[in-house]
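Peer 1: Quick one: the structure is below, questions incoming.
Each reported figure results from applying straightforward, stated rules to the coordinates on display, with no laboratory input. In this text the structure is predicted, and so the values were computed from the model without any measurement. Every residue, glycine among them, receives a Cβ derived from its backbone with ideal geometry; neighbour counts consider all protein chains shown.
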Amino acid sequence: MRRSLTKAEILRRRRDIRNLFQRSTIYRTTGLHLRVAPNGYGWSRVLFAAPRGYTSAVARNRARRHVREIYRTIKADLSPGYDLAFVIYPGACTFDDRRTQVMMLAKRAGLVPNA
């Protein structure tokens, strides 16, 4: 499996995003929410969103880059066939804090088959 995110793995269409936010199950932790919905494909699609509550665009983009990198490294361990939306909220979180948050939410959502 490719470790990079391909175009097919990125959720882009407005209709698909709207359906995900309307019909998904939400898992929450401080600083990060995960929305999960089955998609009927053999692979998962993902969206990374950050609200405007960040102090600067630099901080918002850094948080999105961190979560994107964490997802990219663990996507081979996750169950395929889901649409995922990571909603990243501002806070003093390090890369390791974000990794812990992502792994905890993935386990809580049942996306990690061996956990």
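Peer 1: Between the range 60-115 and the range 13-48, what is the separation of their alpha carbon centroids in Å?
Peer 2: Measuring centre to centre over Cα atoms gives 12 Å.
Peer 1: So what J values fall out for the range 98-110 if you push phi through Karplus, 6.51 cos²θ - 1.76 cosθ + 1.60 with θ = phi - 60°, rounded to Hz, Gly and Pro as x?
Peer 2: For the range 98-110, the Karplus-derived couplings read 5, 4, 4, 4, 5, 5, 5, 5, 5, 5, 5, 7, x Hz, x marking Gly and Pro.
Peer 1: So how far apart, in nm, are the two label points at Arg14 and Lys107 if each is 7 Å from Cα heading toward Cβ?
Peer 2: Between Arg14 and Lys107, the simple spin-label model gives 4.0 nm.
Peer 1: While we're looking at this one, here's another question. Amide H neighbours of Asn39 under 5 Å, at least 5 residues apart or on other chains, H built in the peptide plane: list them.
Peer 2: Tyr82, Asp83
Peer 1: Over the Cα atoms of the chain, each weighted equally, I'd like the Debye log10 I(q)/I(0) at q = 0.15, 0.19 Å⁻¹, rounded to two decimals.
Peer 2: -0.61, -1.02
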